[in-house]
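Q: Sharing a structure here in structure tokens format.
The values are calculated or read from the model by the stated rules, or taken from the named source; none is laboratory data. As the structure is a prediction and not an experimental result, all values here were calculated from the model. No Cβ is skipped: glycine too gets one built from the backbone with ideal geometry, and neighbour counts run over all protein chains shown.
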Amino acid sequence: MTKQAHVMVITPHPDDAEFGVAGTVARWTGEEKKEVVYVVCTNGDKGSSDPAMKPDVLAKIREKEQLDAANLLEVREVVFLRHSDQSLEDTAEFRKEIVRLIRMYRPEIVITADPYRRYIWHRDHRIAGQVTLDAVFPYARDYHSYPDLIAEGLLPHKVKEIWLWGSTEPNHWTDITTTFDVKLAALRCHKSQLDSHSFDVSQMEEWLRQRHTDMAEGKGYQLAEAFYRQEILW
Ligand SMILES: [Zn+2]
């Protein structure tokens, strides 16, 4: 029997969760003593502009980077689904894979990328977000959705809240003033990505600080992460 978690973070690629929600994750695992599980949908094997980089090598590097970041954030477990980067599709198989994990870990909160961010948005983000929303409601909740999962002992589970990062219409903010530094440290674990986009790490800090300052505007604290959050009442 899998140990239940309070929060399930479903990230399209290694590093998206750190950009989207790491400051909040650090608060959850720290002062709030919540158990957090990461689900990493793809292996990120296309995430390099270096022609000499081998995708299978990159996938291994990125898995290690993701584990290092999760460790810093005191994430309890990281589940790697190892789909190829840029390959996610809204299929019955992928949806069931997510439902299975939701029924195993039985989280109160599921958080992922907002699929409804318009125009330029990575297709894997759009698909992971959409499939997660559908998996949460109604597929994980409904008894008759998957007789074979029931036969395995994976009973229906009702997620209480869905949170989306990358939303253009946020309605919920968390104070990450005290956890910004650990978010930054977690992002620095994704070294292959920082190198690949010739991103100067000191520039990243400045850019990120400004981004989270903007998100905190009018909130009465310095730095925020912003989400679209919905309670699931049905
Ligand atoms: Zn991504």
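Q: Select from segment 2-20 the residues that are within 30 Å of Ser48 (Cα to Cα), more than 8 Å from the ligand (Cβ to nearest atom) and part of a loop (DSSP other than H, G, I, E, B) and list them in ascending order.
A: Pro14
Q: Being of a type outside the set (Phe, Trp, Tyr) and crowded, with 24+ Cβ neighbours inside 10 Å is true for just one of Asp56, Asp68, Asp16. Which residue is that?
A: Asp16
Q: If you check Asp45 against the conditions, is it within 13 Å of the ligand (Cβ to nearest atom), farther than 29 Å from Pro170 by Cβ and modelled with pLDDT of 95 or more?
A: So Asp45 fits the description; yes.
Q: Sticking with this one: Restricting attention to segment 36-52, which residues are surrounded by 15 or more Cβ atoms within 10 Å (Cβ to Cβ) and either within 13 Å of the chain's Cα centre (by Cα) or not acidic (Asp, Glu) (or both)?
A: If the condition is that a residue be surrounded by 15 or more Cβ atoms within 10 Å (Cβ to Cβ) and either within 13 Å of the chain's Cα centre (by Cα) or not acidic (Asp, Glu) (or both), then Val36, Val37, Tyr38, Val39, Val40, Cys41, Thr42, Asn43, Gly44, Lys46, Gly47, Ser48 are the ones that fit.
Q: Sticking with this one: Tell me whether segment 23-36 contains one or more residues that are assigned to a strand (DSSP E or B), at negative phi and away from the ligand (no atom under 16 Å from the Cβ).
A: Yes: segment 23-36 contains one or more residues that are assigned to a strand (DSSP E or B), at negative phi and away from the ligand (no atom under 16 Å from the Cβ).
Q: When you go through Asp114, Asp85 one by one, which is the residue that is within 16 Å of the ligand (Cβ to nearest atom) and touching a Lys or Arg at 6+ places or on another chain (Cβ under 8 Å)?
A: One residue alone meets the criteria, Asp85.
Q: Given the options Val79, Val110, Val75, name the one that is closer than 17 Å to Val36 by Cβ, within 15 Å of the chain's Cα centre (by Cα) and surrounded by fewer than 19 Cβ atoms within 10 Å (Cβ to Cβ).
A: Exactly one of Val79, Val110, Val75 is closer than 17 Å to Val36 by Cβ, within 15 Å of the chain's Cα centre (by Cα) and surrounded by fewer than 19 Cβ atoms within 10 Å (Cβ to Cβ), namely Val79.
Q: Related question: Any residue in segment 8-31 that is closer than 15 Å to Leu184 by Cβ sitting within a Cβ distance under 6 Å of a residue that is assigned to a loop (DSSP other than H, G, I, E, B) and of a type in the set (S, T, N, Q)? List the pairs, counting only those 6 or more apart or interchain.
A: Hits for this filter: Gly23/Thr179; Ala26/Thr179; Arg27/Thr179.
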